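A short worksheet on the structure shown next.
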Amino acid sequence: MLSESLGSKSKMTDIFNQQLIISGVGGQGVLFITRLLAEAAIYKHLHVFTSETHGMAQRGGTVVSHLKVGDFSSPLIRPAEADGILALKAENMDQHGAFLKTGAWAAVNSQESIDRIATITTFCVDADTIARKINNLRAVNLIMLGFTLSCLRQGTDGQDHLFCSFEDIFAVVKARLAHRKEMLDASLKALETGYNSYS
């Protein structure tokens, strides 16, 4: 059972209040990783809201998800209030960077470093190249999710920077794809590869 896989962490209460933006384009799996994060929150007994906006998804239009974990009353995130953004394309930072508050973080799929916003911490990885190396071009979303979880794992200050861990998401993916072995194996490989890409 997933709740058993999460162990004692499933007994958590709403210690965390976090607001996250997940941004990409149609076909990149923005909604899939949003659901994985939401399910991790649910199994940790955290309140969660999600909302998404679809552009011309079939033509590569923008898709953006709002994810709120904790004590909130509405699903949409206001500008300058998000704790972080997971951007599946570098240009998504230009589109949705205004959601970030001072001191927020950004995990961005980019071949080059992005240091345009001095008030946030930016982590960049070339997820497209990594996806080609593992022969799974559709896995950019999971590579980015794994990378983000690695960047935000508990720091030396003892503070968790994200409401869930790599182990939590790993357990959610295993439960969700338990009866689809080929997809499960590919998804876990992508997640682990992204996680290990941050050093």
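The values are calculated or read from the model by the stated rules, or taken from the named source; none is laboratory data. Every value quoted in this text rests on a predicted model; they were computed, and no experiment measured them. We place every Cβ from the backbone using ideal geometry, glycine too, and count neighbours over all the protein chains shown.
Residue-wise test of (1) over 21 Å from residue 83 (Cβ atoms); (2) at pLDDT below 95.
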{"site": "148", "(1), (2)": "no, no"}
{"site": "151", "(1), (2)": "no, yes"}
{"site": "154", "(1), (2)": "no, yes"}
{"site": "159", "(1), (2)": "no, yes"}
{"site": "171", "(1), (2)": "yes, no"}
{"site": "192", "(1), (2)": "yes, no"}
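All but one of (1) over 12 Å from the mean Cα position of the chain (by Cα); (2) at pLDDT 95 or above; (3) part of a strand (DSSP E or B) hold for residue 53; which doesn't? Result: residue 53 passes all but (2). Just one residue in the set 82, 98 is more than 12 Å from the chain's Cα centre (by Cα), modelled with pLDDT of 90 or more and farther than 21 Å from residue 164 by Cβ; that residue is 98.
Please report, ordered by residue number, the strands (runs of 3 or more DSSP E) entirely within region 64-165 with at least 3 residues that are crowded, with 22+ Cβ neighbours inside 10 Å and out of contact with any Asp or Glu (no Cβ under 8 Å at 6 or more places or on another chain).
Values: elements: 82-87, 100-109, 121-125.
Strands (runs of 3 or more DSSP E) meeting the threshold: 82-87, 100-109.
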